[in-house]
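Undergrad: Below is one structure. I have some questions about it.
The values are calculated or read from the model by the stated rules, or taken from the named source; none is laboratory data. A quick note: this is a predicted structure, and the numbers were derived from the prediction, not measured. Note that we place each Cβ from the backbone using ideal geometry, even for glycine, and neighbour counts take in every protein chain shown. Note: areas computed on protein heavy atoms with side chains; ligands, DNA, RNA excluded. Shrake-Rupley method; radii C 1.70, N 1.55, O 1.52, S 1.80 Å.
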Amino acid sequence: MNSLDFSGVGMTSQRTRERLITRLQAQGINNQRVLDTIRVTPRHLFLDEALAHRAYEDTALPIGFSQTLSQPYVVARMTELLLARGSLNKVLEIGTGSGYQTTILAQLVTEVFSVERINPLLVKAKKRFRKLGATGIKVKLSDGSHGWEEHAPFDGIIGTAAPQSVPTELLKQLGVDGVLVIPIGGLNKQELRLIKRVGDTEQFDEETIETVKFVPLLSGLTYAD
Ligand code: SAH
């Protein structure tokens, strides 16, 4: 656990945050480490000022470029699924976006690798990591459907944008007993899948968890401001 010091970054009311945690518990999130991490992580700093007051609502919120910061329940659920296999050293995230999910992961695993295809979002996310003193994070502007070969194998991979089908390159980059959590499907709704490599074999167990709504996984890079 790389604990972060969030003092001095501005606190919204403790009560608002507690309400979110109570809501997540009511929805079935019971991993205490995940709940504690969400409780202390300032989600309002991952949003533009005009939206910051809504940061502790359990809802997805826009971050520009038609992208969204995922709903806290979904962040909690996916993180809980990843951590269920025990402690993780290396995790790959596809879709850095605001950097919120990355920051949550950085507190729970040894190293987080995160890739994003929209440069201005990545630039902003890096600034937030610096401001928060978040360590153990490496990011890259790239198309995440190819994973991040150089740092593979990963203990876990989390996809925060939805492809139509499971990218085979991500499966290849899973280590022994590695876990991939990713939404799969079309534009309006997808199935959240939990895929596990069986030991060191080329076999994978696959489970559908629930219906979710993510932005699509797109190919190529965007540099525009
Ligand atoms: N984890 C983010 C969620 C952002 S939404 C957060 O906590 O804020 C999903 C992100 O995936 C978007 O920023 C989008 O640009 C990115 N994305 C979509 N397709 C991608 C691809 N092929 N490679 C990398 N990132 C991608």
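Undergrad: Given the protein chains as shown and a 1.4 Å probe, how many square angstrom of V40 are accessible, to the nearest 10?
TA: We get 70 Å² for V40.
Undergrad: Does anything in the range 206-224 have its amide N under 14 Å from the 7 Å Cα→Cβ label point of N188, and if so which residues?
TA: Backbone N within reach: 212-214.
Undergrad: Next up: Work out the length of the dipole vector of the range 60-212 about its Cα centre, built from +1 on the beta-carbon of each Lys and Arg and -1 on the beta-carbon of each Asp and Glu, and round it to the nearest 20 debye.
TA: With Lys and Arg at +1 and Asp and Glu at -1, about 880 debye.
Undergrad: Could you give the dipole magnitude of the range 182-225 about its Cα centre, charging the beta-carbon of Lys and Arg +1 and that of Asp and Glu -1, in debye to the nearest 20?
TA: The dipole magnitude comes to about 180 debye.
Undergrad: With a cap of 12 neighbouring Cβ atoms within 10 Å, and only residues DSSP puts in a loop, list the chymotrypsin sites (Phe, Trp or Tyr not before Pro) found in the range 119-225.
TA: Numbers: sites: F129, W148, F154, F204, F214, Y223; in loops: W148, F214, Y223.
When the chymotrypsin sites (Phe, Trp or Tyr not before Pro) of the range 119-225 are filtered for loop state and at most 12 Cβ neighbours within 10 Å, Y223 remain.
Undergrad: Something else: For the chain, with every protein chain kept in place, what is the accessible area per residue (1.4 Å probe, Å²)? Can you show the working numbers first?
TA: Values: 10440 Å² over 225 residues.
Per-residue value: 46 Å².
Undergrad: Considering only protein heavy atoms and a 1.4 Å probe, what is the carbon-and-sulfur percentage of the accessible area of the chain? List each step's numbers first, then the result.
TA: On the way: 5180 of 10440 Å².
C and S atoms contribute 50 percent here.
Undergrad: Rolling a 1.4 angstrom probe over the protein chains, ignoring ligands and nucleic acids, what is the accessible area of T168 in square angstrom, nearest 10?
TA: 90
Undergrad: Ignoring ligands and nucleic acids, what accessible area does E210 show with a 1.4 Å probe (Å², nearest 10)?
TA: 50
Undergrad: What is the spread of the Cα atoms of the range 60-212 along each of their three principal axes, largest first, in whole Å?
TA: Each principal axis gives a Cα extent; for the range 60-212 these are 40, 33, 25 Å.
Undergrad: Roughly how tilted is helix 14-26, in degrees to the nearest 10 and between 0 and 90, from the longest Cα axis of the chain?
TA: That works out to roughly 30 degrees.
Undergrad: With each label point set 7 Å from Cα along the Cα-Cβ vector, what nm distance links D48 and N119?
TA: Reported label-point gap for D48 and N119 is 2.0 nm.
Undergrad: Moving to a separate point now. Is there a pair in K138/K172; K140/K172; K131/K189; K124/K172; K131/K213 whose C-alpha atoms are over 24 Å apart, and which pairs would that be?
TA: In this structure, K131/K189; K124/K172; K131/K213 lie more than 24 Å apart at Cα.
Undergrad: Using DSSP, restrict attention to beta bridges with both residues in the chain and report what percent are antiparallel, rounded to the nearest 5.
TA: 45
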